[in-house]
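Undergrad: Handing you this structure, nothing more for now.
The values are calculated or read from the model by the stated rules, or taken from the named source; none is laboratory data. Only a predicted model underlies this, so the values are computations on that prediction, with no experimental measurement involved. Neighbour counts are summed over all protein chains in view; Cβ atoms, including those assigned to glycine, are modelled from backbone coordinates with ideal geometry. To get the accessible areas, we keep the full protein, side chains included, count just its heavy atoms, and leave off ligands, DNA and RNA. Shrake-Rupley method; radii C 1.70, N 1.55, O 1.52, S 1.80 Å.
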Amino acid sequence: MEEKLVETFLEARVAETDRNRAYWISRSWVDPDRRAAVAAAPIVVLPWEDAEGEKVHYPTAAPEFVHMLREALGPDLAIAIPTRPEDYAELVLHSREWRLPKLLIGFVLVPLLVNLLSDKVAELLPGFEAGDTIEMDLVVEGENHRCLAVTYKGPPDAIPEVVLKQIERCGRYLTDAKGAARK
């Protein structure tokens, strides 16, 4: 069989999710002392869960990424981490793909975040080089408490155009005045 070149240059996916803030707060691995911060923070850094939802992992250098994100966004915008650093393991990935921590973020903050990631990727991810790929997952929370899961994989300079366009297309779901999420 002849070998063929297959390479993914860009992926974007938006889907309704029931993994809203209440879901994340209810997880057994959330530090009880951090539940209030997770409930109130406009941005929450979420781990990846194993299939059973018991073990959690963060991408390599997640604490450093969060520190730099806090510096870039300023002290008035709270960022919560639901686990204590000693309670999680970093998942080491070796490639030219940079996996960002999963973020739960309010709908109104998405433009700020994606533009920041696009403009300051080299500062937020030391070692990032031109041609590297960003992979990120966002859980975008509307004021009506509905959430969309947004997955992006591609070059950092395309994040604003692709992610904002997709969220704009689906944004009515997050701003619909009907309120309660579907069950």
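Undergrad: From (1) outside any loop (DSSP other than H, G, I, E, B); (2) open to solvent by 40 Å² or more (accessible area, probe 1.4 Å); (3) aliphatic (A, V, I, L, M), pick out the condition that doesn't hold for residue 138.
TA: Checking residue 138 against (1) outside any loop (DSSP other than H, G, I, E, B); (2) open to solvent by 40 Å² or more (accessible area, probe 1.4 Å); (3) aliphatic (A, V, I, L, M), the one that fails is (2).
Undergrad: May I ask you to list the residues in region 7-50 that are over 16 Å from the mean Cα position of the chain (by Cα) and aromatic (Phe, Trp, Tyr)?
TA: Correct list: 9, 29.
Undergrad: If we scan region 171-178, do we find a residue that is modelled with pLDDT of 85 or more and open to solvent by less than 30 Å² (accessible area, probe 1.4 Å)?
TA: Within region 171-178, one or more residues are modelled with pLDDT of 85 or more and open to solvent by less than 30 Å² (accessible area, probe 1.4 Å).
Undergrad: State which residue is nearest to residue 22 (Cα to Cα) when the search covers only region 148-157 and only residues that are in contact with a helix residue (DSSP H, G or I) (Cβ under 8 Å, 6 or more places away or on another chain) and either modelled with pLDDT of 85 or more or assigned to a loop (DSSP other than H, G, I, E, B) (or both).
TA: Going residue by residue through region 148-157, those that are in contact with a helix residue (DSSP H, G or I) (Cβ under 8 Å, 6 or more places away or on another chain) are 148, 150, 152, 154, 156-157.
Add one more test, that the residue is either modelled with pLDDT of 85 or more or assigned to a loop (DSSP other than H, G, I, E, B) (or both), and what stays is 148, 150, 152, 154.
On the way: 148: 14, 150: 18, 152: 24, 154: 30 Å.
Here the answer is 148.
Undergrad: Among the candidates 108, 92, which residue alone is open to solvent by 40 Å² or more (accessible area, probe 1.4 Å) and either within 16 Å of the chain's Cα centre (by Cα) or modelled with pLDDT of 85 or more (or both)? Outline the logic, then answer.
TA: On the way: 92 fails: either within 16 Å of the chain's Cα centre (by Cα) or modelled with pLDDT of 85 or more (or both).
Going through 108, 92 in turn, just one is open to solvent by 40 Å² or more (accessible area, probe 1.4 Å) and either within 16 Å of the chain's Cα centre (by Cα) or modelled with pLDDT of 85 or more (or both): 108.
Undergrad: Looking for whichever is aliphatic (A, V, I, L, M), buried (at least 16 other Cβ atoms within 10 Å of the Cβ) and part of a helix (DSSP H, G or I) here; the options are 14, 38, 30, 44. Which one fits?
TA: None of the others qualify; the one that does is 38.
Undergrad: Right, something else. Being in contact with a Pro (Cβ under 8 Å, 6 or more places away or on another chain) and in contact (Cβ under 8 Å) with a residue 24 or more places away in the chain is the filter here, so list the residues in region 62-78 that pass it.
TA: Hits for region 62-78 are 62, 64, 65, 66, 77, 78.
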